[in-house]
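The values are calculated or read from the model by the stated rules, or taken from the named source; none is laboratory data. Please read all numbers here as calculations on a predicted model, not as lab measurements. So basically every Cβ, Gly included, is an ideal-geometry build from the backbone, and we count neighbours across all protein chains shown. For the accessible areas, the whole protein counts, side chains as well, though only heavy atoms, and no ligand, DNA or RNA atoms are used. Shrake-Rupley method; radii C 1.70, N 1.55, O 1.52, S 1.80 Å.
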Amino acid sequence: MSGLRSLFSSSGSWIAKFFRKESSPTKKVPRICGTKYPLSILFIIVNEFCERFSYYGMKAVLTLYFLNYLHWSENLSTTVYHAFSGLCYFTPILGAPIADGWLGKFNTIFWLSILYVIGHVIKSVGAIPYVGGTELHVALCIIGLIAIAFGTGGIKPCVAAFGGDQFDEDNVKERGKFFSIFYMAINAGSLISTFVTPILRGDVQCFGMDCYALAFGVPAALMLVALIVFVSGSGMYKKYPPQGNILAQVFNCIGFALKNRWKHRAKQYPKRGHWLDWASGNYSKKTITEVKMVTKVLFLYIPLPMFWALYDQQGSRWTLQATRMNTDIKGFLIQPDQMQVLNPLLILILIPVFDLGIYPLVGLCKINFKPLAKMAVGMLLVALSFAVATIVEVKIDGGNPLVPKAGESYVQVLNFANQDVTVQVPNNLPFTRPPLIKGGFQDPNYMKVHFIGSAKVTVEIPGANISCTEDIHEEATYSLLVDTVNGSLYCRTIEDSNRKPANGLSGVRFINLLPETVYDIKIGDTTINSASPNVSQYFTQKRAFTKLTVTYKGDKYTIDLDLLDFGAAYTAVLREVDEAKKEIKAYKVEDIDANRVHVAWQIPQYVLLSAGEVMFSVTGLDFSYSQAPASMKSVLQAGWLLTVAFGNVIVLIVAQAGSMEQWAEFILFGALLVAVAIIFSIMGYFYVPVDPDDLKEGDNNEDDDTKKPTPVFDDETGIDNVEEKKTKI
């Protein structure tokens, strides 16, 4: 018993030591190979790599999970995707005060990482078809996403700032390089995960469908690895103690200053050099100066959400755009969600290009390329990427099916009469169609006809006294099936779809012109029973060279349908060629063109987007850290991440409106970002950078009396007792 108590006592001591809030910020830590880089940052970088693998790997397949597994619409999928992304970047506003005022950065990262892992597990379980029905899957999905959002969002403002804390104050250059390496770790994790998880989803089949459970399960495992790696470096970290609820202190200081300013708005009171100086009645000069530094940067952040509104669409609108493109690259099929891999790949290439090539060259030209100027140029590059995306979208729309307007209809003739037939629609010129006697592939051949309401189509064989009629209606597309049966002409109108199969799939339907019932028409994993004559609905298949298996008169036939291509819709007509030989054939007609625009056309827009991200995001990350006082670095990181959240809210609102063509929506976003870049450039021109080290020097020179809050006014005399000091805005 005493041994057991001893074990618990030692365990408790270890746990208390492990989770203690403080460790000396001045402690000496091992360096990497004699450099000025602390060894502890390796654990932080590996942790960030695994965490970003986890986050982006899950997020890469999320839109298609909504579409194909939960069967949501494109607009709803886009809305939920950006609502989740926005929540991931709203929650840092909770993580920052927890870290700064209660647990410290280390413990905040640890506990919220556990919540993060739990969210991934719930999300993975919800992707198993045998676990409950649709309602449970949706519930587990939402619960898992909320847990992930609070986990990833809570640690976001802490990890980068915690990494920066590991450097000594005289290692500013190394700290700047760390943020570049840190960002490369983010994109390395994103690169591998956005390539791997779509393969796990699409190329691995489980439960008879795409394996979303595996695609979500692997990121869950990587998040667990991230947690283990982070904890492993615990003994090497510099852990600054919590500074109190800094975020609440900032808001209270701002609120008190505004209240005091309103209270003393009369002309008899002297003006202040800065509006925050009105808080000097309750707050020390150091605190007010720190809040001034933070509010200056936060004011500069106001235009930034528009950048993220465009950037995050690579996982929603751009992925949906890829589903309507040809993704065959020399026999290797790219999954639409795999195109996102270009962004982190390009980031890994472009960061060294900019740091070692472009920026030094600009410096040689005696151009002072300041951080805010880099960010403005980054905005313009991303706006340009959406201009390219617009061109691609217009090109894709050119291959969409023709949609008849009021007063018109489209008709194609499937002629199996073994001779030419003439088709006549009242008030339209007659047209002739040859027979489909060769089998194999046939191009669609729709003819536009004009009429109001409805019309009777007359089909006849030239020179023969046989004909048939069918009714058609305006604003519809038809296939007119023509055949000869016992010397008579047989006609049938079949209404066609005006929409491409979703998600890059191909669609195929079957028309049975055999004299008897055909059983077990099997294509892929789909089996159809067809009575003669009958028209099936469209069945979607993955793009592949496909064979059709049918059972007819007790015999089994295998018929080659050749390639069912991306986004195409086909009609396969089953017909007897030789009754004596029991030979049947499938005549395949392409009703809707396949996707003709190659996915490689997305590469330029990804290059521009990634170049803009390097100039904007990497620069902004370092800028946010450098402009924050030591006690408020997590707060400013949270403010930076909050701009991402508001960017996703912008997309969410536009997606819910849903009244614009996609190309017009791209133009709108690009034009708005150009306008915002101009506004940001003007704001940046007047911004005066601050040096947090100056604050430390001033703090050291203050005596005890100056550190105490000084009353702003004597209410009886109205005399201002605080020395006025001009502050740069």
Considering residues that are at pLDDT 85 or above and of a type in the set (A, V, I, L, M, F, W, C), the number found within the range 574-601 is 7
Given the structure, is residue 600 free of Cβ contacts under 8 Å to residues at least 12 places away in the same chain, part of a helix (DSSP H, G or I) and farther than 30 Å from residue 250 by Cα?
-> no
Give the range 344-355 a look and list any residue that's more than 15 Å from residue 179 (Cα to Cα) and either crowded, with 23+ Cβ neighbours inside 10 Å or more than 19 Å from the chain's Cα centre (by Cα) (or both), or say none.
-> 344, 349, 353
If we ask which residues in the range 59-79 are touching a residue at least 24 places away in the same chain (Cβ under 8 Å), part of a helix (DSSP H, G or I) and within 21 Å of residue 504 (Cβ to Cβ), their number turns out to be 13
Quickly run through the range 482-504 and pick out the residues that are of a type in the set (S, T, N, Q) and either closer than 30 Å to residue 64 by Cβ or under 50 Å from the mean Cα position of the chain (by Cα) (or both).
-> 493, 497, 498, 503
For residue 662, indicate whether it is at pLDDT 90 or above, polar (S, T, N, Q), farther than 30 Å from residue 167 by Cα and within 19 Å of the chain's Cα centre (by Cα).
-> no
First in the range 358-372 and modelled with pLDDT of 85 or more, second anywhere and among the hydroxyl-bearing types (Ser, Thr, Tyr) and in a loop (DSSP other than H, G, I, E, B), Cβ under 7 Å, 6 or more apart = 372/687
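Condition check ((1) surrounded by 24 or more Cβ atoms within 10 Å (Cβ to Cβ); (2) under 28 Å from residue 630 (Cβ atoms); (3) without any contact (Cβ under 8 Å) to a residue 60 or more places away in the chain) across all residues:
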position	(1), (2), (3)
129	no, no, no
140	no, no, yes
146	no, no, yes
161	yes, yes, no
169	no, yes, no
179	no, yes, no
184	no, yes, no
190	yes, no, no
Within the range 353-367, can one find any residue that is under 19 Å from residue 314 (Cα atoms) and part of a helix (DSSP H, G or I)?
-> no
Mind telling me which of the residues 620, 567 ends up being under 30 Å from residue 297 (Cβ atoms), open to solvent by less than 40 Å² (accessible area, probe 1.4 Å) and in contact (Cβ under 8 Å) with a residue 24 or more places away in the chain?
-> 620
Hits in the range 469-518 (condition: without any contact (Cβ under 8 Å) to a residue 24 or more places away in the chain and crowded, with 18+ Cβ neighbours inside 10 Å) | 470
Number of positions in the range 454-487 that are in a loop (DSSP other than H, G, I, E, B) and modelled with pLDDT of 90 or more = 3
Is there any pair linking a residue in the range 318-332 that is open to solvent by 10 Å² or more (accessible area, probe 1.4 Å) to one that is part of a strand (DSSP E or B), with Cβ under 9 Å and at least six apart or on different chains, and which?
-> 326/598; 328/598; 329/598
Give the residues of the range 595-617 that are touching a helix residue (DSSP H, G or I) at 6+ places or on another chain (Cβ under 9 Å) and open to solvent by 20 Å² or more (accessible area, probe 1.4 Å), sorted by residue number.
-> 596, 601, 603, 604, 607, 608
Looking at the range 625-640, is at least one residue crowded, with 22+ Cβ neighbours inside 10 Å, aromatic (Phe, Trp, Tyr), assigned to a helix (DSSP H, G or I) and at pLDDT below 75?
-> yes
For residue 33, are the conditions met, namely being closer than 26 Å to residue 180 by Cβ and not in a helix (DSSP H, G or I)?
-> yes
State yes or no: is residue 592 over 30 Å from residue 298 (Cβ atoms), touching a strand residue (DSSP E or B) at 6+ places or on another chain (Cβ under 7 Å) and open to solvent by less than 10 Å² (accessible area, probe 1.4 Å)?
-> yes
Inside the range 199-222, can you point out the residues that are of a type outside the set (S, T, N, Q) and either outside any helix (DSSP H, G or I) or over 21 Å from the mean Cα position of the chain (by Cα) (or both)?
-> 203, 204, 206, 207, 208, 209, 210, 211, 221
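Residue-by-condition table, conditions (1) in contact with a helix residue (DSSP H, G or I) (Cβ under 7 Å, 6 or more places away or on another chain); (2) among the aromatic types (Phe, Trp, Tyr); (3) at pLDDT below 80; (4) surrounded by fewer than 21 Cβ atoms within 10 Å (Cβ to Cβ):
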{"position": "269", "(1), (2), (3), (4)": "no, yes, yes, yes"}
{"position": "273", "(1), (2), (3), (4)": "no, no, yes, yes"}
{"position": "281", "(1), (2), (3), (4)": "yes, no, yes, yes"}
{"position": "299", "(1), (2), (3), (4)": "no, yes, no, yes"}
{"position": "304", "(1), (2), (3), (4)": "yes, no, no, no"}
{"position": "308", "(1), (2), (3), (4)": "yes, yes, no, no"}
Give the number of residues within the range 517-533 that are more than 33 Å from the chain's Cα centre (by Cα) and at pLDDT below 75.
-> 11
